[in-house]
Amino acid sequence: MNATNAGIGIDFGTSNSAIAWAIDGGIAEALPLEGTATTMPTALFYNAEDRTTHFGRDAVAMYLAGVEGRLMRSLKSLLGSSLMQETTAVYDGLISFQDIVARFLHELGTRAEKTLGHRPERVVLGRPVHFVDDDAKRDRQAEDSLRLAARAAGFREIAFQFEPIAAAFDYEQRVSKESVILIVDIGGGTSDFTVVRLGPERAVRPERSDDVLATSGVHIGGTDFDQRLNLERVMPLLGFRHHDARGREVPSKVFFELSSWHLINWLYAPKAVRQAQELRTSYADPRLHARLMTVLEERYGHRIASEVEQAKIDSSVGNAAVTIDLSFAEAGLGASLTPQDMAEQLADALGKVVASAHECVRRAGLRSHDLDAIYLTGGSSALRPFQDALRRSFAGVKLVEGDLFGGVAAGLAYAARATRKTASTA
Ligand SMILES: Nc1ncnc2c1ncn2[C@@H]1O[C@H](COP(=O)(O)OP(=O)(O)OP(=O)(O)O)[C@@H](O)[C@H]1O
Ligand SMILES: [Mg+2]
């Protein structure tokens, strides 16, 4: 097959995106997106100083270096919400979030073109089992928005596949005998599950829908864990749960927004900054209010969220207490995060994630002991308290740690290859 008609798989993730393609008979290959890296943060930076647009690590680095401009992250979390059609001010005027998503997908196409030699026209995009929980209409709108953005980005044939099914097809390349597996994909924005029957003989069958026994998912992922930890550990330093002299609590909305990756930018609008200024009389301790104003005026929101995210990862990997460094906002300022804090503060969210895993097994008509293994993928599947909760809840079932960041794109590439075959034989 030449590269011209190669379909690609795009994993447009809440936190990271990846692209892969698969030639006939070969295994999927991830395309380099930023230097040699085959994943890139789903991030854009509109540089107001020289009026340029930056992507991925480059975008994040520019923001962290203090360049004047706007950082956009967690765009996928906006799909299905009314915010998609809202506009935001960047250097060359107002742009809608719908257009920002299209701009990002267009850039992915451009980067794929560098390797493939042609601009890819056929794409299978991943989608979570639910973009939006318990709201079929908004969930459909989310997929429609993503399709529209992909079309605006120059893709002509656009198909979707569930992310956990894609992850399953990737894992299948390494399965040596027929097995029933629970695929667990815990990403930045969603937790997705599928129970599938996998095996070397099954992998070659063109039609696989009867091997997908069930799917389930919840709109909870790593950015929600960051939000919770940010709210509990950092936001009190800016006045969350603080009181005025008469004992009334400071209105909490600003702290929820400032700790939610996809809402941070709204707080930098002049109106929001004015509203925050007016909170001054709600604080008994004016120093906390001054900190909040510094964070908004200096636009430190994403930086704090990044520090919290890094602390979450470090504490999980090292199973140790860590410090969330906030000295960029105020000399000597920091917050601690211990493994116990993390286990306690994430217990509710993790409980819902594990419940969704069980729901998937139930929908498949199985019990947990019927599973041959649980396959883990997605960055947040590495989170220690999550793995502890899963192990407790699925006692006796083997956990297999997979490719955390590339598996979904690889599986989407197999799906793209399969749809080309179907299209050409039809
Ligand atoms: N070692 C780790 N421990 C815990 N969490 C981690 C680790 N490494 C990365 N993460 C988290 O994984 C998340 C990103 O994972 P991933 O790239 O799989 O998500 P995504 O595909 O962008 O999101 P989604 O699939 O939900 O749209 C981030 O929230 C990040 O903080
Ligand atoms: Mg993902």
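Nothing in this text is a laboratory measurement; each read-out follows from the coordinates by a stated rule. Source: prediction; values computed, not measured. All Cβ positions, glycine included, derive from the backbone under ideal geometry; neighbour counts span all protein chains shown.
GNM remark for the chain: springs join alpha carbons under 10 Å apart, and the peak mean-square fluctuation among Lys352, Lys312, Lys137 falls on Lys137.
Computing Rg and the Kirkwood Rh from the Cα coordinates of the chain gives a ratio, Rg/Rh, of 0.98.
Of Arg119, Arg363, Arg174, the residue with the greatest mean-square motion in the GNM of the chain, using alpha carbon springs below 10 Å, is Arg174.
Take every pair of alpha-carbon atoms less than 8 Å apart whose residues are at least six positions apart; their mean separation over the length of the chain yields a relative contact order of 20 percent.
Estimated from helices alone, the mean residue ellipticity of the chain at 222 nm is -12500 deg cm²/dmol (sum of -39500 (n - 2.57) over DSSP H runs with n ≥ 4, per residue).
The magnitude of the dipole of the range 223-345, with charges of +1 and -1 set on the Cβ of Lys/Arg and Asp/Glu and taken from the Cα centre, is near 480 debye. Of the GluC sites (Glu not before Pro) in the range 5-60, the ones in a loop by DSSP (not H, G, I, E or B) with at most 15 other beta carbons within 10 Å are Glu49.
Here's the picture: charge each Lys and Arg Cβ at +1 and each Asp and Glu Cβ at -1 in the chain, and of Leu83, Ala395, Met62 the one pushed furthest to the positive end of that dipole is Leu83. Site pair Ser336 and Glu178 shows an inter-label distance of 5.6 nm when each label is modelled 7 Å from Cα along Cα→Cβ. Amide H contacts of Phe160: Leu125, each under 5 Å away and 5 or more positions distant or on a separate chain (H built 1.01 Å from N in the peptide plane; Pro and chain starts excluded).
Here the extension length gained between Arg246 and Arg147 equals 30.4 nm, from 0.36 nm per residue of separation less the Cα-Cα distance. For a label point 7 angstrom out from the Cα of Thr281 toward its Cβ, which stretches of the range 233-274 have the backbone nitrogen within less than 15 Å? Only 244-251 fall inside the zone, counting backbone N under 15 Å. A Förster radius of 30 Å, combined with the Cβ-Cβ distance separating Glu34 from Phe256, puts the computed FRET efficiency at roughly 0.40.
Sequence-ordered 3J(HN,Hα) estimates for the range 277-292 from the Karplus curve with 6.51, -1.76 and 1.60 and θ = phi - 60° stand at 4, 5, 6, 3, 6, 8, 9, 6, 10, x, 5, 5, 5, 4, 4, 4 Hz, glycine and proline given as x. From the Cα gyration tensor of the range 223-345, with a ≥ b ≥ c the square roots of its eigenvalues, which class applies: rounded if a/c is under 1.5, or else prolate if a/b is larger than b/c, or else oblate? Prolate, because a/c is 1.5 or more and a/b exceeds b/c.
Estimated at 0.36 nm per residue, the fully extended path between Glu298 and Asp388 surpasses their Cα-Cα distance by 28.5 nm. Of Val295, Val124, Val400, which is the most mobile in a GNM of the chain whose springs link Cα atoms less than 10 angstrom apart? Sorting by GNM fluctuation, first place goes to Val400.
3J(HN,Hα) along the range 128-134: x, 4, 10, 5, 10, 6, 6 Hz, from the Karplus curve 6.51 cos²θ - 1.76 cosθ + 1.60 with θ = phi - 60°, whole Hz, x for Gly and Pro. Tell me which lysines have Cα within less than 27 Å of Lys398's Cα, excluding those fewer than 8 residues away on the same chain? Filter leaves Lys177, Lys312, Lys352. The HN-Hα couplings worked out from phi for the range 363-376 by the Karplus form 6.51 cos²θ - 1.76 cosθ + 1.60 (θ = phi - 60°) are 4, 7, x, 10, 10, 4, 6, 6, 6, 7, 6, 10, 9, 9 Hz, whole numbers, x standing for Gly and Pro.
Counting only Cβ charges, +1 for Lys and Arg and -1 for Asp and Glu, the dipole size of the chain around its Cα centre is about 460 debye. Secondary structure note: in the chain, about 70% of the DSSP beta bridges are antiparallel. Subtracting the Cα-Cα distance of Thr110 and Glu86 from their residue separation scaled by 0.36 nm leaves 6.0 nm. Given R0 = 41 Å, the distance between the Cβ atoms of Ala321 and Leu366 translates into a calculated FRET efficiency of 0.55.
Under 5 Å between amide hydrogens, built in the peptide plane, is the criterion, and for Ile8 it picks out Arg122, Val123, Val124 among residues at least 5 positions away or on other chains. The residue among Met342, Ala276, Gln227 whose Cα reaches farthest toward the positive pole of the charge dipole of the range 223-345, with charges on the beta-carbon of Lys, Arg, Asp and Glu, is Ala276.
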